[in-house]
Amino acid sequence: MSRTQPIRHTDELIRFKDYYRKEHPNPRNYALIVLGLNTALRISDILKITWGMVYDFENRHYHAHLHLTEQKTGKETMIALNHAVIAALGDLRQSTPLCHRDDYLFNSQKTHNMPISRSQAFRIIKKAAVDTHMPEHISCHSLRKTFGYHAWKNGTPPALLMDIFNHSSYQITRRYLCIEQDDKDEVFFQIDL
């Protein structure tokens, strides 16, 4: 049974993230990946984001936080928009200068005033993964899992990750992080009592 995996290694993550910025420049696809990696949102929630949710058109600046109701859980969430997200959104906005507050960030080129489909988002992510020689089992959900994995590796308490992901139990979050033997080995090698 295949299971979606996070992108564990920093060098692989950089290659993957930069695929649509350097190798095959595409501001929309790059912003999709950066937003997914930095917000821990499910792809269904990312695709529903409009410009008005991230950009204040009257004062001409990006909002500090993204407020939304998660589609799967129905829970309201507030996510800080970090520098990487704002920079990617800035590049995307420059490439689509006629965007309006009700336009989706990831507008479909085929269907007027609709976001790209989940299957299109999957193809975008899968192409970057395959072309950058990523391990198997990289999908849209890998972006969310990658956020959690790297947050955990950087010392974020699992209870806080459980809250960020809106998981109902610690066991779900633990499975979600895809901790492998090499992660456990690293702990043993770091402890030298």
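Here T111 fulfils each of the conditions (1) closer than 18 Å to G52 by Cβ; (2) out of contact with any Phe, Trp or Tyr (no Cβ under 7 Å at 6 or more places or on another chain) apart from (1). Residues in segment 66-75 that are more than 17 Å from the chain's Cα centre (by Cα) and surrounded by 11 or more Cβ atoms within 10 Å (Cβ to Cβ): T73 alone. On inspection, T50 fails the criterion of being touching a residue at least 24 places away in the same chain (Cβ under 8 Å) and within 25 Å of I7 (Cα to Cα). State the number of residues belonging to segment 31-65 that are among the small types (G, A, S) and more than 8 Å from the chain's Cα centre (by Cα). The total comes to 4. Remark: pairs (first residue in segment 70-90, modelled with pLDDT of 95 or more; second residue assigned to a loop (DSSP other than H, G, I, E, B) and aliphatic (A, V, I, L, M); Cβ separation under 7 Å; 6+ apart in sequence or on different chains) = A80/A64; L81/A64.
For segment 138-172, filtering for residues that are assigned to a loop (DSSP other than H, G, I, E, B), under 16 Å from the mean Cα position of the chain (by Cα) and farther than 19 Å from V34 by Cβ leaves 1.
Restricting segment 56-112 to residues that are hydroxyl-bearing (S, T, Y) and out of contact with any His (no Cβ under 9 Å at 6 or more places or on another chain), which is farthest from L160 (Cα to Cα)? Give the derivation first.
If we filter segment 56-112 for residues that are hydroxyl-bearing (S, T, Y), which is where we start, we get 62, 69, 73, 77, 95-96, 104, 108, 111.
If we keep only those that are out of contact with any His (no Cβ under 9 Å at 6 or more places or on another chain) as well, we get 62, 69, 73, 95-96, 104, 108, 111.
Working: Y62: 26, T69: 19, T73: 17, S95: 36, T96: 36, Y104: 30, S108: 35, T111: 39 Å.
Here the answer is T111.
Pairs meeting the criteria (first residue in segment 172-187 and of a type in the set (S, T, N, Q), second residue assigned to a helix (DSSP H, G or I), beta carbons under 8 Å, at least 6 apart or on different chains) are T173/G148; T173/P158; T173/L161; T173/M162; T173/F165.
Every condition in (1) within 19 Å of T96 (Cβ to Cβ); (2) touching a residue at least 40 places away in the same chain (Cβ under 8 Å); (3) of a type in the set (K, R) is met by R15 except one, and the failing one is (1).
The values are calculated or read from the model by the stated rules, or taken from the named source; none is laboratory data. It should be emphasised that the depicted structure is a prediction, and the values quoted were computed from it without experimental measurement. When we count neighbours, we look across all protein chains shown, and the Cβ atoms used for this are built from the backbone with ideal geometry, even at glycine.
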